[in-house]
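The values are calculated or read from the model by the stated rules, or taken from the named source; none is laboratory data. Predicted model only: the values in this text are computed from it and were never measured. Cβ placement follows ideal geometry from the backbone for every residue including glycine, while neighbour counts extend to all protein chains displayed.
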Amino acid sequence: MRRKHIAILGAGPAGSAAALGLLRLGYRVTVISDWRRFNAIEGTSERVLHALRTVGLRQASGTAIAAARREVYWAGHHSLRNREWLLDRQVFDRALREDLRRSGIALLEARVLTVDVAADGVCLQLDGAASLEADFVVDARGRQAPQSGEAVRGPETLSLLCRWRGLEGPAASAAESLVSGWCWLARLPGGDQYWQWTFDARHPHMPGKAELPAWCAAQRGTSRLAGEFFTVDPGEAVELRARSSTCTLAANLCDVRSIRVGDAAMAVDPLSGNGIFQSLSSALQAPAVINTLLQYPADAELAQRFHCRRVTELFYRFARLGRDFYRQATAVPEQSFWQQRQQWPDDHPSHVPVTPEQIVTDWAPVVTGDRIGRARVVITPDQPLGIWHLNGVELAPLVDALRETPWEQVISGLPPTQRGPVAAWLQNVGFGPDTAASGHALTP
């Protein structure tokens, strides 16, 4: 029987993770990617590096450079935050490709011109390679992926990325709020310096392209941190790149022949600090969704609903985290950058306290093995998509049992190695030895 062929557009973290997951399921995978045009530096966390290693992207994870604790000057307050790991994106991207090659995945260096999706497959027209036919396409092209007019968009935001060579020294990173926006600063041991300024894309005084380096130099002059962080300011002598940092949620997240993952599906504000993490979140669930669409067509609608709801929920969760960071700064009327972002996307809290009376158990789509299936999950105001299991224990049966059975009897039935984490979670949402039976169950 012919192995179905999956084309993945983009070899970043999302595309690479999805490619490895599909390879493990037995699919023939081709990754198509064009080289990044600007050598950015990005910050990430140990949690992301662990996730990269877990999915098989060990070469890429190994390129991260440990920096000292991130220095932050925000809304007039100076602090040292969590340790940040730095990624030189061209080095990181080369390592991602090496991970793919070592796994036996075909990699085409080409630019995608058109994607034609039909009922029986997908045809890709490429610049730099022959046209390609596939059974399914994964769009992981990041913010460069085409978006329809129906996409959800936050306040239009632009980032100017400046890179130059300075003196060698220890790796470091910092973040600072400015009147006009905020900036992120980074240094690599070899002397590469990086300053990223994020501001409103409709800034009334933004000059033409030729004057942007001088404009950035003037903004760095208003910084409290830049003078000490960069031993020598380059002035206008920088490599400069502009890119959109607008939050976007794609309208066409998934159908029977295509799916979006990573920033192509949802791109969050860089202030949330969850860029690569959210990219991996959608990519890791994609193989099970795709496998269901191709091998279990009767559950196609369930798989599409699962992916769309998960991506949408993650988008708004991260958007509210970014909003809460913006709210830490006190904005005056003329600071429209801050005022707009302190109100978007809504006023819903990022985290909602949970009581047993608010908890519901219901059937919902979940990843079960290599496909999307249905299971009873625990739904709370803070987890509207539901939680299926914790530490290997399904939670819905426990919550249902606690409505009629004493706490000690329910908890004692768990294996000792699983009892502690599960009991802690139940107590965190309001159950415990002294709580009365409560909550609601829904029938399918």
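Remark: pairs (first residue in the stretch 381-399, over 13 Å from Pro415 (Cβ atoms) and free of Cβ contacts under 8 Å to residues at least 60 places away in the same chain; second residue part of a strand (DSSP E or B) and of a type in the set (Gly, Ala, Ser); Cβ separation under 6 Å; 6+ apart in sequence or on different chains) = Gly386/Ala364; Trp388/Ala375. Scanning the stretch 386-425 for residues that are outside any helix (DSSP H, G or I) and among the hydroxyl-bearing types (Ser, Thr, Tyr) yields one hit, Thr405. Residues in the stretch 375-404 that are at pLDDT 90 or above and more than 32 Å from the chain's Cα centre (by Cα): Asp400, Ala401, Leu402. Evaluating Leu212 against the criteria (1) at pLDDT 95 or above; (2) part of a strand (DSSP E or B) leaves one unmet condition, (2). Restricting the search to the stretch 10-45, which residues are buried (at least 24 other Cβ atoms within 10 Å of the Cβ) and in a loop (DSSP other than H, G, I, E, B)? If the condition is that a residue be buried (at least 24 other Cβ atoms within 10 Å of the Cβ) and in a loop (DSSP other than H, G, I, E, B), then Gly10, Ala11, Gly12 are the ones that fit.
Annotation note: of Pro421, Pro415, Pro433, the sole residue that is outside the structural domain of Cys183 (by TED's automatic domain parsing), loosely packed, with under 15 Cβ neighbours inside 10 Å, at pLDDT 90 or above and over 27 Å from the mean Cα position of the chain (by Cα) is Pro415. Within the option set Val112, Val29, Val91, being in contact with a helix residue (DSSP H, G or I) (Cβ under 7 Å, 6 or more places away or on another chain) and assigned by TED's automatic domain parsing to the domain that holds Arg260 holds for one residue only, Val29.
Residues in the stretch 340-374 that are surrounded by fewer than 16 Cβ atoms within 10 Å (Cβ to Cβ) and among the polar types (S, T, N, Q) were compared, and the one that is modelled with the lowest pLDDT is Thr355. What residue, of Arg69, Arg83, is of a type in the set (Lys, Arg), farther than 26 Å from Leu25 by Cα, touching a residue at least 24 places away in the same chain (Cβ under 8 Å) and surrounded by fewer than 19 Cβ atoms within 10 Å (Cβ to Cβ)? One residue alone meets the criteria, Arg83.
Give the residue that is farthest from Glu236 (Cα to Cα), with candidates limited to residues of the stretch 152-182 that are of a type in the set (D, E, K, R) and not in a strand (DSSP E or B). Applying the filter and picking the extreme gives Glu156. Looking at the stretch 244-265, is at least one residue at pLDDT 95 or above, under 24 Å from Ala68 (Cβ atoms) and assigned to a strand (DSSP E or B)? No, because not a single residue in the stretch 244-265 is at pLDDT 95 or above, under 24 Å from Ala68 (Cβ atoms) and assigned to a strand (DSSP E or B).
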